[in-house]
Amino acid sequence: MNINTIVFDLGGVLIDWNPRYVFKHIFKEETEMEYFLTEVCKPLWNHQMDEGKPFAEAVEELTNEFPQYALQIKAYHERWDEMLNGTIDGTVEILYKLTRSANFKMLALTNWSAETIPVAYRRYPLFSCFEGIVVSGDVKMAKPEPEIFEHLITQFKVTPSKAIFIDDSLPNIKTAESLAFQAIHFQSPEQLATDLHNRGIIV
């Protein structure tokens with residue numbers, strides 16, 4: 001299929017990130033933890049840091065809104081590194097195989113705070129596989145908006161029709177497809193290997 005570029009998302013595809021790894025030790029009741037993560041430190045709030053907002057500013061604003069959760073909101077920032085639970089090994093194995101084949105330009109496109117991505121850089125050697133990485137917090141734009149995809153295309157001279165984009169978020173997949181990427185909605189390493197095989201890429 002004349003593929004020359006493969007673009008990986010990071011969190012949920014290569015790296016296991018979940019705030020529940022921290023907050024299951026903070027909240028006694030799962031229901032309160034889920035309320036906190038869906039209504040207080042909710043995904044839309046976290047997305048602000050992905051777009052470049054400083055953690056300290058976001059924490060202060062949210063604490064003013066939910067003073068009863070001041071300590072837990074503070075923990076979201078201060079214990080962020082504990083939300084990383086290692087790599088998704090099956091996907092990392094696929095990444096290494098693709099890198100060793102030397103047939104593809106390997107890129108990453110991730111929604112990630114510029115303040116916290118250095119923790120992952122230090123912890124996981126997989127980053128050496130990538131020729132380029134676009135971090136939303138660095139460029140202050142984030143998926144699923146098309147602008148960050150266009151930034152990747154321009155910066156690394158990507159031809160979308162010759163590129164495979166892998167992400168666990170369906171809205172991100174839909175944006176990629178609208179820009180002519182061949183997109184794979186990641187659900188498991190096994191499923192990814194099958195979908196790559198169906199596109200003529202053996203891993």
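Extension gain for E29 to D16 (0.36 nm times residue separation, less C-alpha to C-alpha distance): 2.4 nm.
Taking every DSSP bridge with both residues inside the chain, close to 10 percent are antiparallel. Can you give the FRET efficiency for I202 and E131, using 1/(1 + (r/R0)^6), R0 = 25 Å, r = Cβ-Cβ distance, to the nearest 0.05? That gives a FRET efficiency of 0.70. For the pair region 106-140 / region 1-63, the C-alpha centres are spaced 15 Å from each other.
With the biggest extent put first, the Cα atoms of region 128-203 measure 34, 25, 23 Å across the principal axes. If you take all other residues with their beta carbon under 11 Å from the beta carbon of W112, and give Lys and Arg +1 and Asp and Glu -1, the sum is -4.
With Rh defined as the Kirkwood radius, the inverse of the mean 1/r over Cα pairs, the Rg/Rh of the chain is 0.99. Only helices enter the 222 nm calculation for the chain: every DSSP H run of n ≥ 4 contributes -39,500 (n - 2.57), and dividing by all residues gives -12500 deg cm²/dmol, rounded to 500. Checking every one of the GluC sites (Glu not before Pro) in region 89-180 against DSSP loop status and a limit of 12 other Cβ atoms within 10 Å picks out E131. For the peptides 157-167, 43-53, the ranking by packing is 157-167, 43-53, with the highest mean count of neighbouring Cβ atoms within 10 Å listed first. Once you sort the root eigenvalues of the Cα gyration tensor of region 1-51 as a ≥ b ≥ c, which label holds: rounded (a/c under 1.5), prolate (a/b larger than b/c) or oblate (the other case)? Prolate, because a/c is 1.5 or more and a/b exceeds b/c. Measuring spread by the Cα atoms of region 18-84 yields a radius of gyration and Dmax of 11.0, 32 Å.
Each value in this text was obtained by applying a stated rule to the coordinates, not by laboratory testing. This is a predicted model, so every value here is computed, not measured. As a convention, Cβ positions derive from the backbone with ideal geometry for all residues, glycine included, and neighbour counts pool all protein chains shown.
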